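Just so you know, all these numbers are worked out from the coordinates, no wet-lab data involved. Note that the structure is a prediction, hence the values are computed from the model and not measured. Neighbour counts run over all protein chains shown; Cβ positions are idealised from the backbone, glycine included.
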Amino acid sequence: MTSIAEGIEINDQTVTAAVELAGEKLNSAQGETMLDFSFVRRIDASTLRALEELARLADEKEVKVTLKGVCVDVYKVLKLVRLSRRFSFVS
Amino acid sequence: MEAAMATKEAVQERIQIPLNPESLSAERIAYLDDLVRQAKAAAAVFTQFTQADVDRIVKPMVMAGLEQAQHLARLAVEETRLGVMEDKVIKNMVASEFVYNYVKDKRTVGVIREYPERNLAEIAEPIGVLFSLTPITNPTSTVLFKCTMAIKTRNAVIFSPHPKAWRCCSEAVKIMYETARKHGAPEGVFTCLESPTLPDNAYLMKHKDVALIDATGGPGAVKAAYSSGKPALGVGPGNTPVYLEKSADINTAVVDIIISKTFDNGTICASEQTVVIDDEIYDAVLKKFADLGAHICNEKETRVLERTVIDPETGFMQPMAVGQKAIDIARFVGLSVKANTKLLIAPIQGVGREHPLSVEKLFPVLSVYRAKSVNEALKVCVDVNHSGGLGHTAVIFSRNDEVIRKFGEVINAGRIIVNSPGSIGALGAVYNDLVPTFSFGCGTGGGNSTTDNVNIYHYLNIKRLARRTQNHMWFRVPNQIYFNMNAVENLGQFTSTCTIIVTNAPLERIGHVDIVRRNVCPKTHVHVVVIPDAEPEVKVIAQGVEALNFYKADQIIALGGGSVIDAAKIMKLKYESPEADLEYLAAPFLDLRKRVVEYPTEKSTRARLIAIPTTSGTGSEVTPFAVLTDKENGRKVTLADYSLTPDVAIVDPQFVMSMPKGLTADTGIDCLTHALEAGVSNYASPYTDSCALQALQLAFKYLPIAFENPRDEEARSMMHNASCIAAMAFSNASVGVNHALAHAFGARFGVAHGRANALMLPHVISYNASVPTKFMPSPYTQGYVAHTKYATFADLLGLGGNSVEEKVTNLIRAIEQLLDKLGFPKSIAELGISKEEFERAIPELAKNAFDDPSWRSNPRMPLMTEVVELFWQAYAGRGQAKAKVAPSLAASTLEEQAL
């Protein structure tokens, strides 16, 4: 498993950019990749859009995307917009 | 505050239901789906917001609403051509300022209310995406109101304004959205449907991601909302009756009605429609109206209005009149009125289709009715209320509280406004303490789910966090208990004019009654009522009560076994409360504290009940129970209430020294069963446990001695104490399934109660100690502890064992050995009951055992099949029963499950 946002600290401010970057790097990912959300406390509509696009690209390229350390508040947002089923989660 | 217009338009709208979303183009559907998707994302993002985040957004929105109040009012009047610009400014300001004043300190995020005394907390959960219809009559104020509510509650809203008020509404939505976004609200939180159509509405109402429909609109929209299968808030049509009662302040009433009915040209659906005026003040009221600018129509003018402002075909108001000035309406229909006329008043003679002006009129035309009495006035108001205004609003002007209350009782309206204007009064927070709103719930009368003024709490799912409560328990026993040899001497301290001793013949014969006579207060007249030595019957009770009445007794001494003491308890009940219906009082119950029937508290007379037991088993001297046999109807009646508990118990062993061996054994095992069942009962407490344990130890030690050596004073005394102490335990913790089985079996085969208990006891302990098929719900216990409690009993009795299972098995063996020692039959079969006879009896036995209330406190809920199995085990006999404690249960330590 590769960490595709390596070197970027993903937090509330950088999360959208990191997810977009992850989408761009999906080509080089092999089979499975991970994004560390441990420092993300809140996401907004732009992040949701980026995540939706990431999920779409991941499906296209048959890459499994795992979100690590997602807090329950963010998890609930993903659940409400039915995005949670398109990712894997690890703590 | 939408006027739910019952106009021709509305009728047409109604005809189109169900709306057909299939006529939408693919592009339109994609557009609508995108609106919902945005709103859904916004609502999801919004769930992360704190209360502070939300409040930071609400305030500037409200400020923007206030700043733009005039701009939006002007737009609304220009576009809709309805109402009065100045009044719409006020509406916009109320929708902003008054609503803010109500919501500003309210918690709408996280825990919103706590009830520590009930261990309850309420937590807010946003609803998600709301689809909101807004009306033509109050377009911008409704948008401002709903936006504030939505942000305060973290919801996203898709607005669908009335097509003829779209521009002003979309402007209001835009102002609210931009302000909210500027202060941190999620992107897409408000959207406004472009060029809304009925199929759009139908599609969105059924959209899977729309969580709630908030339909402030006409009856058609409301009905469509409720028909969509989605949760919905909606208002219904109004037709506000007003009762102007003769005690009212006429000046205040007339001014208030004019204010209300002319406000925004009468477009508020809560505004007054028909004023019913008492005959005594009718002329004065009309004069006051005329003085203040109303035009009172003559009969001819009234006919003209009926034909013009009401559609003769539908009976509803004509749209052309809605929201227009009185002077314009008059001019339009050809009435000649003064230039400053505010209001047209038309006298009517009744309500209904033949009286066209009795319907809702959202313009400044008011009908009036002259009533000859309060009763007639109320009836006419009811008629108006039922002619299209159910659940909405009603108004009364009166100083007579009784009339006001009666009006409130007979009128079905969510808002009953007293001595203030209907329209502004119903809005709330201006003339009264109603919650401010722009959406009136009309209850089931108006096809709504609420009669509330719709507010923030209707925009929330409110979750209840219900923590386990520590229910109050009790330990109730007689005030005074005297025990040990010659305790009967204490009788002398109880002064009495007349004492009745209730007893039975054998006890009188052996001199027990004389002992009692010698010890009662010297000045007391003593009379003896001798009853049969059997469970008391109805007629025995009646004879006893007759004696009590005849002698006007103030003290009853029950001297005897359980039956005699039970009889005395019931005699006392009937003596003090002759109206008490024993059958009613014996009605079934699950929890004594929540029982439906109430025992009489009013007493026509009072008598002290002193119980002196002459057996050591039932413990009736301290219990709140009494059993009565109703031979005529062939049944037993069990009474249970703490008011039945004797006032004084005298536990004097001299009265049990001569008990025969069989009775000693039977009653002794009854005592032991009481202790064991109370010990594992779901109602057990530290108080009852201490009694159960003590009684168990005493009974185990002294019952065999008292049985072998009946004259052993210590053994008799201790068994007598054990019986009383065990009874204190089960009086407060109740018994269990052993008693239920024994009651059914004993009654069917005529076997003594103690003996019947003995036959069941080892099997019941084994049953209760094993893993229940069905746990008994009980707020009083934590986890399943019966097995560990049995193990604790074994430890206290020094029975040994290294595990819970061993200890329980040892307890069962020790009880079996005791039963053997006392000469009890080992099985039901040993009683000479054939297997065939027993098999035939089983269905009735199982049914009666299951009907018996005793098992309701048993730690394990007995299934019918298990009851049958227990009977068969008792039939087969003891020696087989052993603990079958599951490993997980057995692993619990005694410390963990400490008593």
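So the values come out like this:
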| read-out | value |
| --- | --- |
| Two-site label geometry, B:D591 and B:S25: point separation in nm, points 7 Å out along Cα→Cβ | 6.4 nm |
| Cα centroid separation, region A:62-88 to region B:328-370 (Å) | 63 Å |
| Volume per residue of the C-alpha convex hull in region B:692-752, rounded to whole Å³ | 93 Å³ |
| Cα centre as origin, Lys/Arg/Asp/Glu Cβ charges: region B:240-432 dipole, Debye | 320 debye |
| Sparse-neighbour loop sites [trypsin sites (Lys or Arg not before Pro); region B:732-822; at most 10 other C-beta within 10 Å; DSSP] | B:K774 |
| Assigned charges on the beta-carbon of Lys, Arg, Asp, Glu; the protein assembly as shown dipole about Cα centre (debye) | 560 debye |
| Modelled FRET efficiency - R0 45 Å, A:V90 with B:K774, Cβ distances, 0.05 increments | 0.70 |
| Beta bridges by DSSP in the protein assembly as shown, antiparallel share as percent, to the nearest 5 | 20 percent |
| Environment charge at B:V36 (Cβ cut-off 9 Å; Lys +1, Arg +1, Asp -1, Glu -1) | 0 |
| Segment B:A580-B:R331, length gained on full extension (0.36 nm per residue, minus Cα span) | 82.1 nm |
| Debye log10 I(q)/I(0) for region B:49-234, one point scatterer per Cα, at q = 0.12 Å⁻¹ | -0.56 |
| Gap separating the Cα centres of region B:748-795 and region B:835-881, nearest whole Å | 13 Å |
| Potential extension, B:L120-B:K182 segment - 0.36 nm per residue separation minus Cα distance | 18.6 nm |
| For B:V380, net neighbour charge (Lys/Arg +1, Asp/Glu -1) across residues whose Cβ lies under 13 Å away | -2 |
| Packing rank of B:198-208, B:559-569, B:303-313, where each peptide gets the mean count of other beta carbons within 10 Å, highest leading | B:559-569, B:198-208, B:303-313 |
| Potential extension, B:R840-B:K463 segment - 0.36 nm per residue separation minus Cα distance | 130.4 nm |
| Relative contact order (%) - criterion: Cα under 8 Å, at least six apart; region: region B:121-173 | 47 percent |
| Residues of region A:23-41 with amide N under 19 Å of a point placed 7 Å along Cα→Cβ from A:A17 | A:23-26, A:35-41 |
| Length-normalised contact order of region B:240-432 in % [C-alpha pairs under 8 Å, at least 6 apart] | 32 percent |
| Average other protein chain Cβ within 10 Å of Cβ, residues B:38-48 | 6 |
| Over the protein assembly as shown, volume per residue of the alpha carbon convex hull, in Å³ | 244 Å³ |
| Burial ordering of B:M93, B:M760, B:M864, fewest other beta-carbon atoms within 10 Å first | B:M864, B:M93, B:M760 |
| Shielding of A:71-81 by partner chains, average beta-carbon count, 10 Å | 3 |
| Convex hull of chain A built on C-alpha atoms - directionally averaged projected area, nm² | 4.9 nm² |
| Projected-area average for region B:480-655 over all orientations - Cα convex hull basis, square nanometres | 9.7 nm² |
| GNM result for chain A, Cα springs below 10 Å: residue of A:E60, A:E24, A:E32 fluctuating most strongly | A:E60 |
| Within straight-line cross-link reach of B:K152, lysines at Cα separation under 21 Å, skipping those fewer than 8 residues along the same chain | A:K76, B:K40, B:K59, B:K91, B:K104, B:K106, B:K174, B:K182, B:K463 |
| For B:H743, B:H71, order by how many other beta-carbon atoms lie within 10 Å, fewest first | B:H71, B:H743 |
| Pairwise centroid distance, computed over Cα atoms, of region B:184-215 with region B:437-498, Å | 45 Å |
| Radius 13 Å from Cβ of B:S643, net charge of other residues (Lys, Arg +1; Asp, Glu -1) | +2 |
| For chain B, calculated [θ]222 nm from helices alone, where every DSSP H run of n ≥ 4 adds -39500 (n - 2.57) | -14000 deg cm²/dmol |
| Two-decimal log10 I(q)/I(0) for chain B, as the Debye equation yields it once each C-alpha is a single scatterer, q = 0.08, 0.11 Å⁻¹ | -0.82, -1.04 |
